[in-house]
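The values are calculated or read from the model by the stated rules, or taken from the named source; none is laboratory data. Small disclaimer: the values here were computed from a predicted structure and weren't measured. Here the Cβ positions follow ideal geometry from the backbone for every residue, glycine too, while neighbour counts run over all protein chains shown.
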Amino acid sequence: MASFSVIFSWLIAHGYFIMFAMMFVEGPIVTIAAGFATAGGFFNIFLVYLISLLGDVLADALYYGLGYGFRWTIIEKISRRLGRPVGEATTMARLLEKHPFKTILSIKLAPFLPMPAFMIIGYTRFAFFKYLTYCSVVSGARSLFLLLGGYFFGRLFLMYSSLRYVSIWIGVIGALLVLFYLFFRKLAQWLVKKG
């Protein structure tokens, strides 16, 4: 896993196109790093938000499409290897029928869950535009939250970077970023338990 400073350097060196590619693959950490870079004046905050939202929603659409299009080949092979029957997709279909927004919100906020869960949603043939709307709302709020968090910590860094003990402030900001990420993860787990 690449460190925050490596991601930050890559973003500054390569610009918006690499930012989109990185956000498509791993959105949250890259969005925080892009917000940090935005605070330094390297990027436009509105473009970064749009790229973050687009990368996240397109990745979700891809996972849905894989589940929808390769319904029998991918999903059934994976479920056989994991020892899980395909019939468990009916549980997902039932959740989507009763509480579609809460289900998609819980999936989006849980780490490592979106890819297989969105493939299963595609497998269940849930309405695509409804799915995309819910994903866009959740992704928009999450991207805004992460981008503003990165921007805030970037501004904080710039404000205190003129101090004598810059390395201490880098450590403090790094610790705050980790706490920010852990809080977000705990919030996601709480929402999954509650939902």
## Note on the structure
Residues of the stretch 115-129 being farther than 27 Å from Phe36 by Cα, out of contact with any Asp or Glu (no Cβ under 6 Å at 6 or more places or on another chain) and part of a helix (DSSP H, G or I), in sequence order, are Pro116, Ala117, Met119, Ile120, Ile121, Gly122, Tyr123, Phe128, Phe129
### Message
If Leu132 satisfies all but one of (1) touching an Asp or Glu at 6+ places or on another chain (Cβ under 8 Å); (2) modelled with pLDDT under 80, what's the number of the condition it fails?
### Response
(2)
### Message
Quick check on the stretch 152-175. Is at least one of its residues modelled with pLDDT of 85 or more and closer than 18 Å to Asp56 by Cβ?
### Response
no
### Query
When Phe112 is evaluated against the numbered criteria (1) modelled with pLDDT under 80; (2) surrounded by fewer than 15 Cβ atoms within 10 Å (Cβ to Cβ); (3) part of a helix (DSSP H, G or I), which criterion, by number, is the only one it fails?
(3)
### Message
For the stretch 76-102, which positions are at pLDDT 85 or above, within 23 Å of the chain's Cα centre (by Cα) and of a type outside the set (Phe, Trp, Tyr)?
### Response
His99, Pro100, Lys102
### Task
Tell me which residues, restricted to the stretch 118-153, are among the hydrophobic types (A, V, I, L, M, F, W, C) and within 14 Å of the chain's Cα centre (by Cα).
Phe118, Cys135, Val137, Val138, Ala141, Leu144, Phe145, Leu146, Leu147
### Query
Quick one: which helices (runs of 4 or more DSSP H) sit completely within the stretch 1-75 and have at least 2 residues that are at pLDDT 90 or above and under 23 Å from Ala175 (Cβ atoms)?
27-39
